Amino acid sequence: MTVIKHANQRVGVFLDVQNLYHSAKNLYDARVNFESVVKNIVSERTLIRAIAYVIRTESGDETAFLDALVNMGIETKSKDLQIFSDNAKKADWDVGLAVDIVSLAPKLDVIALVSGDGDFVPALEYVKKFGCQVEVVAFGKTCSQRLVGVADDFTDLCSSARKYLIRI
């Protein structure tokens, strides 16, 4: 399927920061250049919202990163890392990100999910029923094939890694 991208399309970008962070670190020992990723997605279209979903660690080292995202024009939503009595840790934004996709879909023509997490497939299938074009941007080597399958357009960050990465 050929995806047509035009200036009048209203785009929402949803960035699963943890997913991309771990993929970039494990595959390339690098960090993601989120500004480059968002610019590539939006291109000449109209950006309505770009939201990054971030987990705050115990050390709080991500403050400068959050400030950098805001300076790029990317909204941030953050929550604390959960640590349980057995020292198990939990950190994800899956439900919050999916709810935002579904609730913002009526105001958007394009849902751009920046994640390789297959848990988002049902949310993307749902918004497609209402006419939203679904674009997935992720590292192909770590991306769910079900997610690729539901996308109208898939951008593999591995294919242009230098463009989308910052070496540590």
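A few remarks follow.
- Lone unmet requirement of (1) at pLDDT 95 or above; (2) of a type outside the set (Phe, Trp, Tyr); (3) part of a helix (DSSP H, G or I); (4) open to solvent by less than 40 Å² (accessible area, probe 1.4 Å) for PRO122: (4)
- If you go through the range 102-148 and keep only what is within 16 Å of VAL54 (Cα to Cα) and of a type in the set (A, V, I, L, M, F, W, C), you end up with LEU113, VAL114.
- For the criterion of being under 20 Å from ALA105 (Cα atoms) and open to solvent by less than 20 Å² (accessible area, probe 1.4 Å), VAL3 fails.
- Residue match in the range 126-138 (condition: in contact (Cβ under 8 Å) with a residue 60 or more places away in the chain, in contact with a Gly (Cβ under 9 Å, 6 or more places away or on another chain) and part of a helix (DSSP H, G or I)): no
The values are calculated or read from the model by the stated rules, or taken from the named source; none is laboratory data. All of these numbers come straight from a predicted model, not from anything done at the bench. All Cβ positions, even for glycine, are placed from backbone atoms using ideal geometry, and neighbour counts span all protein chains on display. In case anyone asks, the SASA skips ligands and DNA or RNA and just uses the protein heavy atoms, side chains included. Shrake-Rupley method; radii C 1.70, N 1.55, O 1.52, S 1.80 Å.
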